[in-house]
Number of protein chains: 2
Amino acid sequence: MYDTITVSRQLKAAGVHPTAQRIAIYHYLLSQAKHPTVEDIKAWVDQNFPKMSLATVYNTLRTFVEAKLVKELKLPHSSKTVYDTNVRNHHHFFDEDSGELIDLDPAVVTLDPALKRKYLITHIHVLLRGTQRRKYDDHA
Amino acid sequence: MYDTITVSRQLKAAGVHPTAQRIAIYHYLLSQAKHPTVEDIKAWVDQNFPKMSLATVYNTLRTFVEAKLVKELKLPHSSKTVYDTNVRNHHHFFDEDSGELIDLDPAVVTLDPALKRKYLITHIHVLLRGTQRRKYDDHA
DNA sequence: ATTTAAAATTAGACTGATTCTAAATATATG
DNA sequence: CATATATTTAGAATCAGTCTAATTTTAAAT
């Protein structure tokens, strides 16, 4: 689904020179990673790329963020920044059991219209935390 | 309004031994500070307390958080943790002009009821960012 | 193809916020 | 008062992330 040529083309389309390092990282982000930290990315890279500096991982992610290929998420559930290939507007749910981060549609949150009269809102950050319900859970 | 005796009593009521350092910091938090960082607190302390270690500021804040006297806020608008004496449930608006953080009533945010069927939500973090409208601003 | 310029990568030093350590001091209890 | 316990302290250590300056790669122009 994501061969090198395709990934390379997507990088070019975003104005990012497709170097071997960038192709590798973007390929990983698109195909395997779900909200990885730099640590996660570096660990994958160390297993799947001849040799890459940690600085390159950081540089590459910054480049991707600037090119709007990924979103950088600094969420209060962790001290580590995570990256998201879902660049559309959305929110997150942090599953306290699994540690997993789940994307939520922005429509699940509604703001009081009175707020818009008082504030000009440019960003809405929402993180919900909790656990996922199993079937037949009581949800009073 | 917040004399030493009162502050001291409040600390005791929360199960926190009222040492001079703790009284000073809690007094500052209650009376002058609005969403201060550790840096802000240390700066005030350096002006208003004979001598206090930075470690004590951190220790004291941890103690207060554990005693639920203050909330610790790690918001994505800054790399610095801020502290809030408003321990009720609430959200925040970050004013990008002034850098000010404004408390919002939790009622300004409504979650889709379908979410509650899928998730058991224990925490709701909301940070809005933008600017404050002046009177007569168009708010289409 | 070769030179030259620009961009990307690199290792390792550095920073800033926070935590840890272990000693010193203060407080509470028997 | 003696002694245990809690608190404070200075400074070292940690951790995520950034910066620096040198090297390597890539692109552009002869």
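Of the strands (runs of 3 or more DSSP E) lying entirely inside the range B:61-128, the ones with 1 or more residues being within 19 Å of B:ALA33 (Cα to Cα) are found at B:71-73, B:82-84, B:91-95, B:101-104.
If I filter the range B:26-36 for residues that are small (Gly, Ala, Ser) and in contact (Cβ under 8 Å) with a residue 40 or more places away in the chain, do I get at least one hit?
Narrowing the range B:26-36 to residues small (Gly, Ala, Ser): B:31, B:33.
So of that shortlist, the ones also in contact (Cβ under 8 Å) with a residue 40 or more places away in the chain come out as B:33.
Yes, that holds for at least one residue.
Using the structure shown, decide if B:LYS118 is within 16 Å of DNA strand D (Cβ to nearest atom) and charged (D, E, K, R).
Details: within 16 Å of DNA strand D (Cβ to nearest atom): no; charged (D, E, K, R): yes.
No.
Evaluation of B:GLU72 against the conditions (1) in contact with a strand residue (DSSP E or B) (Cβ under 7 Å, 6 or more places away or on another chain); (2) buried (at least 17 other Cβ atoms within 10 Å of the Cβ); (3) in the same structural domain as B:SER8 (by TED's automatic domain parsing) shows that the sole unmet condition is (2). Can you tell me which residue in the range B:21-64 is nearest to the chain's Cα centre (by Cα), limited to those that are exposed (fewer than 13 other Cβ atoms within 10 Å of the Cβ) and small (Gly, Ala, Ser)? This residue is B:SER31. Mind listing whichever residues of the range A:101-125 are more than 7 Å from chain B (Cβ to nearest Cβ) and of a type in the set (D, E, K, R)? Selection gives A:ASP103, A:ASP105. Just so you know, in the range A:26-76 the residues that are basic (Lys, Arg) and within 12 Å of DNA strand C (Cβ to nearest atom) include one that is modelled with the lowest pLDDT, and it is A:LYS51. Residues considered: A:LYS74, A:LYS12, A:LYS51, A:LYS42. Of these, the only one that is within 14 Å of chain B (Cβ to nearest Cβ), among the basic types (Lys, Arg) and within 13 Å of DNA strand D (Cβ to nearest atom) is A:LYS74. Suppose the filter is closer than 30 Å to B:ARG134 by Cβ and over 17 Å from the mean Cα position of the chain (by Cα); does B:GLU96 pass it? So B:GLU96 fits the description; yes.
Out of the residues in the range B:1-17 that are free of Cβ contacts under 8 Å to residues at least 40 places away in the same chain and crowded, with 18+ Cβ neighbours inside 10 Å, state the one that is nearest to DNA strand C (Cβ to nearest atom).
In the first step, residues of the range B:1-17 are kept if they are free of Cβ contacts under 8 Å to residues at least 40 places away in the same chain; the result is B:1-9, B:12-13, B:17.
Okay, now just the ones that are also crowded, with 18+ Cβ neighbours inside 10 Å, so B:7-8.
Numbers: B:VAL7: 15, B:SER8: 11 Å.
Filtering first and then ranking leaves B:SER8.
State whether one or more residues within the range A:101-111 are in contact with a His (Cβ under 8 Å, 6 or more places away or on another chain), touching a residue at least 60 places away in the same chain (Cβ under 8 Å) and surrounded by 12 or more Cβ atoms within 10 Å (Cβ to Cβ). Scanning the range A:101-111 turns up at least one residue that is in contact with a His (Cβ under 8 Å, 6 or more places away or on another chain), touching a residue at least 60 places away in the same chain (Cβ under 8 Å) and surrounded by 12 or more Cβ atoms within 10 Å (Cβ to Cβ).
The values are calculated or read from the model by the stated rules, or taken from the named source; none is laboratory data. These numbers come from a predicted model, not from an experiment. Please note: Cβ atoms are built from the backbone with ideal geometry, for glycine as well, and neighbour counts cover all protein chains shown.
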